[in-house]
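**Q** Submitted below is the structure of interest, expressed as structure tokens.
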Amino acid sequence: MKWENVFGYSRAVRIGNTIEVSGTTAVAENGEIVGENDAYLQAQFVLQKISAALNKAGGSMADVVRTRLYVTDASFADQVGRAHLECFADIRPACTLVEVSALIAPDLLVEIEATAIVSEAD
């Protein structure tokens with residue numbers, strides 16, 4: 001929640017049956033970075049935060065149709081991909097993984113965005 005308040009944005013926004021989840025990093029509620037120096041643990045934590053945001057907006061991980069993964073080093077792709085697979089093995093959203101030069105804090109290794117479309121039955 002730290003960055004949402006600093007920059008004035010929402011973790012997730014729902015318009016109709018579409019939920020857009022902002023870029024999410026491994027920063028806990030207390031401002032501490034979870035999984036320092038471990039891209040896999042950071043990705044797991046980020047995906048848990050995304051799941052919670054989707055649930056709050058009336059969706060779930062099963063509704064995700066697209067993810068965007070940003071890593072500070074392409075060598076983290078396998079670790080981040082493993083965490084992604086654990087969440088989405090049966091869902092198989094469209095996915096992009098991009099190496100970036102840096103994230104908002106030097107100890108952050110991965111940032112993930114998601115788009116979900118909630119079915120009419122939900």
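The values are calculated or read from the model by the stated rules, or taken from the named source; none is laboratory data. The structure presented is a predicted model; accordingly, all values stated were derived computationally and were not measured. A quick note on method: Cβ atoms are made from the backbone with ideal geometry, for glycine too, and the neighbour counts reach across all protein chains shown.
**Q** Just to check your reading of the model, which residue among Ala89, Ala39, Ala74, Ala12 is among the hydrophobic types (A, V, I, L, M, F, W, C), touching a Leu at 6+ places or on another chain (Cβ under 9 Å) and surrounded by fewer than 16 Cβ atoms within 10 Å (Cβ to Cβ)? Spell out how you get there, then give the answer.
**A** Working: Ala89 fails: touching a Leu at 6+ places or on another chain (Cβ under 9 Å); Ala39 fails: surrounded by fewer than 16 Cβ atoms within 10 Å (Cβ to Cβ); Ala12 fails: surrounded by fewer than 16 Cβ atoms within 10 Å (Cβ to Cβ).
On inspection, the qualifying residue turns out to be Ala74.
**Q** Any idea which of Ile33, Ile112, Ile50, Ile104 is closer than 17 Å to Glu4 by Cα and touching a His at 6+ places or on another chain (Cβ under 9 Å)?
**A** Criteria check complete, one pass: Ile112.
**Q** Within the stretch 58-66, identify whether any single residue is under 21 Å from Ala12 (Cβ atoms), in contact with a Leu (Cβ under 6 Å, 6 or more places away or on another chain) and hydroxyl-bearing (Ser, Thr, Tyr), and answer yes or no.
**A** The answer is yes, given that some residue of the stretch 58-66 is under 21 Å from Ala12 (Cβ atoms), in contact with a Leu (Cβ under 6 Å, 6 or more places away or on another chain) and hydroxyl-bearing (Ser, Thr, Tyr).
**Q** In the stretch 92-106, how many residues are exposed (fewer than 15 other Cβ atoms within 10 Å of the Cβ) and either charged (D, E, K, R) or touching a residue at least 12 places away in the same chain (Cβ under 8 Å) (or both)? Outline the logic, then answer.
**A** Pass one, the stretch 92-106, residues exposed (fewer than 15 other Cβ atoms within 10 Å of the Cβ): 92, 94, 96, 98-102, 104-106.
Narrowing the set further to residues that are either charged (D, E, K, R) or touching a residue at least 12 places away in the same chain (Cβ under 8 Å) (or both) leaves 92, 94, 96, 98-102, 104-105.
Final tally of qualifying residues: 10.
**Q** Continuing with the same structure: Of all residues in the stretch 3-28 being of a type in the set (S, T, N, Q) and not in a helix (DSSP H, G or I), which is nearest to Thr72 (Cα to Cα)?
**A** Per the criteria, the residue is Thr25.
**Q** If I ask for residues that are under 16 Å from Arg66 (Cα atoms), assigned to a strand (DSSP E or B) and not acidic (Asp, Glu), which ones from the stretch 80-122 would you list?
**A** Ala94, Cys95, Thr96, Leu97, Val98, Ile112, Ala114, Thr115, Ala116, Ile117
**Q** Evaluate the following for Val80: is it free of Cβ contacts under 8 Å to residues at least 60 places away in the same chain, surrounded by 18 or more Cβ atoms within 10 Å (Cβ to Cβ), under 19 Å from Val27 (Cβ atoms) and touching a helix residue (DSSP H, G or I) at 6+ places or on another chain (Cβ under 9 Å)?
**A** yes
**Q** Something else about it: Select from the stretch 59-71 the residues that are buried (at least 18 other Cβ atoms within 10 Å of the Cβ) and either among the charged types (D, E, K, R) or at pLDDT below 95 (or both) and list them in ascending order.
**A** Asp63
**Q** Considering only the stretch 41-79, how many residues are hydrophobic (A, V, I, L, M, F, W, C) and either under 18 Å from Asn17 (Cβ atoms) or in a strand (DSSP E or B) (or both)?
**A** Number satisfying all stated conditions: 10.
**Q** Can you find, within the stretch 1-38, the residue that is modelled with the lowest pLDDT among those that are of a type in the set (A, V, I, L, M) and within 16 Å of Ile104 (Cβ to Cβ)?
**A** Taking the candidates together, the pick is Met1.
**Q** Continuing with the same structure: Could you check, for the stretch 46-58, whether at least one of its residues is closer than 18 Å to Glu86 by Cα, among the charged types (D, E, K, R) and over 11 Å from the mean Cα position of the chain (by Cα)?
**A** Taking every residue of the stretch 46-58 in turn, none turns out to be closer than 18 Å to Glu86 by Cα, among the charged types (D, E, K, R) and over 11 Å from the mean Cα position of the chain (by Cα).
**Q** Can you name the number of the only condition in (1) at pLDDT 95 or above; (2) more than 21 Å from Thr115 (Cα to Cα) that Lys49 fails?
**A** Failing condition for Lys49: (2).
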